[in-house]
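K.L.:
One structure is given below, represented as C-alpha cells, and several questions about it will come after.
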There are 2 protein chains.
Amino acid sequence: MKSFKIGLIRVITMTDKTMMEMHGNQIMDYYPQLKVESRCIPDQYEGIHSPETKSIAIPKIIELAKQFNNKDALIISCADDPAVKELNDCLDIPVIGAGMSVAGIARYYGPVSGVLGITDYAPPAYEEMFGKDLINLGRPKGVNGTLDLMTEAGEEAVMELAQKLKEKGAMSISLACTGMSTIGITNKLAKLTGLPVIDPVLASGARCLYECLSRQI
Amino acid sequence: MKSFKIGLIRVITMTDKTMMEMHGNQIMDYYPQLKVESRCIPDQYEGIHSPETKSIAIPKIIELAKQFNNKDALIISCADDPAVKELNDCLDIPVIGAGMSVAGIARYYGPVSGVLGITDYAPPAYEEMFGKDLINLGRPKGVNGTLDLMTEAGEEAVMELAQKLKEKGAMSISLACTGMSTIGITNKLAKLTGLPVIDPVLASGARCLYECLSRQI
C-alpha cells in the first residue's frame with residue numbers, strides 16, 4: 001500500500017492531546033494511507049476567527065511547519081488557509097489548506113455554493129473559487145469562534161443557516177471552519193438540506209492523498 | 001479500513017482482460033480502499049472520439065451500469081462523461097465521470113487550464129469548469145482516437161501539445177482522455193512542463209473515494 005507521512009497543523013492552541021489530534025485521527029480513519037502527526041500553534045486559545053487573529057497566526061504556522069521532518073505533505077487545518085501560499089512557495093512538499101480543499105471539491109457540484117463558517121467574511125479560497133456565485137449570509141447567529149460551535153445553541157444556529165443557504169439557491173454547502181468537522185455536523189446538515197455538504201477535514205485528506213499520489217505515478 | 005465496492009465501465013470494447021482491467025487495477029493500486037470490478041461496452045472497438053461515437057455508447061453504458069450488483073459507486077472511465085448525468089439521475093449511488101473529476105481537481109491550481117485530449121472539442125466538464133479560461137488547441141497532431149496514443153508518434157504529439165499549452169498560459173494541464181492514463185504519460189508531461197498535470201484515472205479514483213467516504217461520516 002502506498003502510504004505517506006503527513007504533518008498537520010492545528011491553528012488553535014490545545015492542551016488536550018485527544019482534541020489536538022482529532023483532525024489528524026479523523027484523516028487516518030478516513031484515509032489509512034495517510035500517517036498523520038499533529039501539532040498546534042502556541043498561545044492562541046481561540047484559534048483564527050478574524051483577519052487580525054489570522055495575521056498573528058501566520059508566522060507561528062510557518063515556524064511550526066519548518067519543525068516537521070521527513071514529511072510527504074503538510075495540512076494546515078483551517079479554512080482560512082493561513083500561510084498556505086507562503087509555505088508552498090518555500091517548501092518542496094505540497095502544503096494543503098482546508099479552505100482550498102473544500103472549495104475545489106464543492107465546485108464539482110456546480111457553480112453556486114453557500115459558505116458556512118464562523119466569520120462574516122468568506123475565507124479567500126471560497127471567494128476565489130465561486131466569485132459572485134458564492135452565497136454568503138454571514139456567520140451563524142451567536143457564533144464568534146470555533147469554540148462556540150461546541151454548544152447546543154451554536155449547532156442549532158449552524159443548522160438554521162444551512163437551511164437559509166439552501167433557500168437562497170446554494171447547490172452545495174461549503175463548510176468554512178474545521179471546527180465543523182470537530183463537532184461532526186456535516187452529515188446532519190446533508191440530511192437536513194439534501195445538498196452535498198463539504199467537510200473540511202474529509203476534503204483536506206482527499207486533496208492531500210491526491211497530491212501525494214500524483215507525485216508518484 | 002473503510003473500503004468500497006466500485007463498478008468501472010470502460011467505454012471501449014476490449015477482448016484482452018489485462019487491458020480491459022487496467023484502469024480498475026491502477027485505481028486499486030492507488031487507492032486500496034476501492035475494490036474495483038471492470039466491464040466494457042460491446043461492439044465499440046475504437047471507443048469514444050466524437051459526438052457520434054459518444055451517442056452510440058450512451059445506451060450501452062446505461063445498460064451495463066444496471067448490470068452491476070451491490071456497488072457503492074460507479075466510475076465511467078471516459079473524460080467525455082458519457083451517461084454520467086443520466087445515471088446519477090436514476091441510480092441511488094454516486095456515478096463518477098473521469099472528465100468531471102479531472103476538471104474539479106484542475107480548478108484547484110487556478111482558473112486557467114489547458115485541455116489535452118483526443119478530440120478537437122473539449123469534453124463538457126472542462127468547458128463548464130473553465131469557460132473562456134479553458135485553453136484548447138485541439139487534439140495532438142495525428143491523433144484521432146485513444147489507440148493512436150499507444151504509438152511513439154502519438155506520444156510525441158502529446159508532449160508537443162502540452163508544451164504549447166504551457167506557452168499559452170495554462171496553469172495546469174487537464175488530460176481529457178483516459179487513454180492518457182493507459183500510456184502512463186502524466187508524469188512525463190509534468191516533468192516536461194513543470195505544471196500540475198491531472199491524470200484522469202488517478203482523479204476518478206480520488207473523487208470516487210471522497211464520494212464514498214462523504215456518505216459515511
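K.L.:
Would you say B:Y210 is within 12 Å of chain A (Cβ to nearest Cβ), among the aromatic types (F, W, Y), on the phi < 0 side of the Ramachandran plot and buried (at least 23 other Cβ atoms within 10 Å of the Cβ)?
P.N.:
Values: within 12 Å of chain A (Cβ to nearest Cβ): yes; among the aromatic types (F, W, Y): yes; on the phi < 0 side of the Ramachandran plot: yes; buried (at least 23 other Cβ atoms within 10 Å of the Cβ): yes.
When the stated conditions are applied, B:Y210 passes them.
K.L.:
Examine the stretch A:33-47 for a residue that is closer than 30 Å to A:A170 by Cβ and within 14 Å of chain B (Cβ to nearest Cβ), and state whether such a residue exists. Before you say what the answer is, go through the steps one by one.
P.N.:
Pass one, the stretch A:33-47, residues closer than 30 Å to A:A170 by Cβ: A:34, A:46-47.
Add one more test, that the residue is within 14 Å of chain B (Cβ to nearest Cβ), and what stays is A:34.
Yes, the stretch A:33-47 has at least one match.
K.L.:
Can you tell me which of (1) free of Cβ contacts under 8 Å to residues at least 12 places away in the same chain; (2) out of contact with any Gly (no Cβ under 7 Å at 6 or more places or on another chain) is the one B:A153 doesn't meet?
P.N.:
The number of the failed condition is (2).
K.L.:
Does A:I96 satisfy the criteria of being within 13 Å of chain B (Cβ to nearest Cβ), touching a residue at least 40 places away in the same chain (Cβ under 8 Å) and either touching a Cys at 6+ places or on another chain (Cβ under 7 Å) or in a strand (DSSP E or B) (or both)? Walk me through how you get there before you give the answer.
P.N.:
On the way: within 13 Å of chain B (Cβ to nearest Cβ): yes; touching a residue at least 40 places away in the same chain (Cβ under 8 Å): yes; either touching a Cys at 6+ places or on another chain (Cβ under 7 Å) or in a strand (DSSP E or B) (or both): yes.
Here the answer is yes, as A:I96 does meet what is asked.
K.L.:
OK, next. Any residue that is touching a residue at least 12 places away in the same chain (Cβ under 8 Å), more than 13 Å from B:V11 (Cβ to Cβ) and acidic (D, E) - is there at least one of those in the stretch B:41-61?
P.N.:
No, the stretch B:41-61 has no match at all.
K.L.:
Shifting gears a bit: Of the conditions (1) touching a residue at least 24 places away in the same chain (Cβ under 8 Å); (2) within 14 Å of chain B (Cβ to nearest Cβ); (3) closer than 18 Å to B:S214 by Cα, A:L116 fails just one. Which one is it?
P.N.:
(2)
K.L.:
Just one of the numbered conditions (1) surrounded by 18 or more Cβ atoms within 10 Å (Cβ to Cβ); (2) within 14 Å of chain A (Cβ to nearest Cβ); (3) within 17 Å of the chain's Cα centre (by Cα) is not true of B:Y109; which one?
P.N.:
(3)
K.L.:
For the stretch A:164-217, name all the residues that are among the polar types (S, T, N, Q), within 15 Å of A:S113 (Cβ to Cβ) and in a loop (DSSP other than H, G, I, E, B). Steps first, answer last, please.
P.N.:
Taking the stretch A:164-217 and keeping what is among the polar types (S, T, N, Q), we get A:172, A:174, A:178, A:181-182, A:186-187, A:193, A:204, A:214, A:216.
Keeping just the survivors that are within 15 Å of A:S113 (Cβ to Cβ) gives A:172, A:174, A:186, A:193.
The one that is among the polar types (S, T, N, Q), within 15 Å of A:S113 (Cβ to Cβ) and in a loop (DSSP other than H, G, I, E, B): A:S172.
K.L.:
For the stretch A:163-182, which residues satisfy the criterion of being over 18 Å from A:G99 (Cβ atoms) and not polar (S, T, N, Q)?
P.N.:
Applying the first criterion (over 18 Å from A:G99 (Cβ atoms)) to the stretch A:163-182 yields A:163-164, A:166-169, A:171.
Once the filter is applied, which keeps residues that are over 18 Å from A:G99 (Cβ atoms) and not polar (S, T, N, Q), the stretch A:163-182 yields A:K164, A:K166, A:E167, A:K168, A:G169, A:M171.
K.L.:
What are the pairs with Cβ atoms under 7 angstrom where one residue, in the stretch A:18-30, is more than 11 Å from chain B (Cβ to nearest Cβ) and the other, located anywhere, is assigned to a helix (DSSP H, G or I) and of a type outside the set (A, V, I, L, M)? Sequence gap at least six, or different chains.
P.N.:
Note: pairs meeting the criteria are A:M22/A:T182; A:H23/A:S181.
K.L.:
Right, B:M180: surrounded by fewer than 23 Cβ atoms within 10 Å (Cβ to Cβ) and not acidic (D, E) or not?
P.N.:
On the way: surrounded by fewer than 23 Cβ atoms within 10 Å (Cβ to Cβ): no; not acidic (D, E): yes.
So B:M180 does not fit the description; no.
K.L.:
I would also like to ask the following. If you go through the stretch A:3-11 one residue at a time, do you hit one that is within 14 Å of chain B (Cβ to nearest Cβ) and out of contact with any Ser or Thr (no Cβ under 8 Å at 6 or more places or on another chain)? Give the steps one after another, and end with the answer.
P.N.:
The first filter runs over the stretch A:3-11 and keeps only residues within 14 Å of chain B (Cβ to nearest Cβ), leaving A:3-4.
Next cut, out of contact with any Ser or Thr (no Cβ under 8 Å at 6 or more places or on another chain) only: A:3-4.
Within the stretch A:3-11, one or more residues are within 14 Å of chain B (Cβ to nearest Cβ) and out of contact with any Ser or Thr (no Cβ under 8 Å at 6 or more places or on another chain).
K.L.:
Looking at (1) touching a strand residue (DSSP E or B) at 6+ places or on another chain (Cβ under 6 Å); (2) under 20 Å from A:Q26 (Cβ atoms); (3) without any contact (Cβ under 8 Å) to a residue 40 or more places away in the chain, which is the one condition that is false for A:I135?
P.N.:
Evaluating A:I135 over (1) touching a strand residue (DSSP E or B) at 6+ places or on another chain (Cβ under 6 Å); (2) under 20 Å from A:Q26 (Cβ atoms); (3) without any contact (Cβ under 8 Å) to a residue 40 or more places away in the chain leaves (2) as the failure.
Let's see how each residue does on (1) touching a residue at least 24 places away in the same chain (Cβ under 8 Å); (2) more than 13 Å from the chain's Cα centre (by Cα):
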position	(1), (2)
A:T178	yes, no
A:S181	yes, no
A:I185	yes, yes
A:A203	yes, no
A:A206	yes, no
A:L209	yes, yes
A:I217	no, yes
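K.L.:
How many of the residues making up the stretch A:176-203 are within 16 Å of B:R215 (Cα to Cα) and more than 7 Å from chain B (Cβ to nearest Cβ)?
P.N.:
Taking the stretch A:176-203 first, the residues within 16 Å of B:R215 (Cα to Cα) are A:181, A:184-203.
Restricting the remaining residues to those that are more than 7 Å from chain B (Cβ to nearest Cβ) gives A:181, A:184-185, A:188-198, A:200-201, A:203.
Residues meeting the conditions: 17.
Readers should treat all values here as calculations from the given coordinates under stated rules, not as data from a laboratory. Because the structure is a prediction, the values reported are computed rather than measured. A quick note on method: Cβ atoms are made from the backbone with ideal geometry, for glycine too, and the neighbour counts reach across all protein chains shown.
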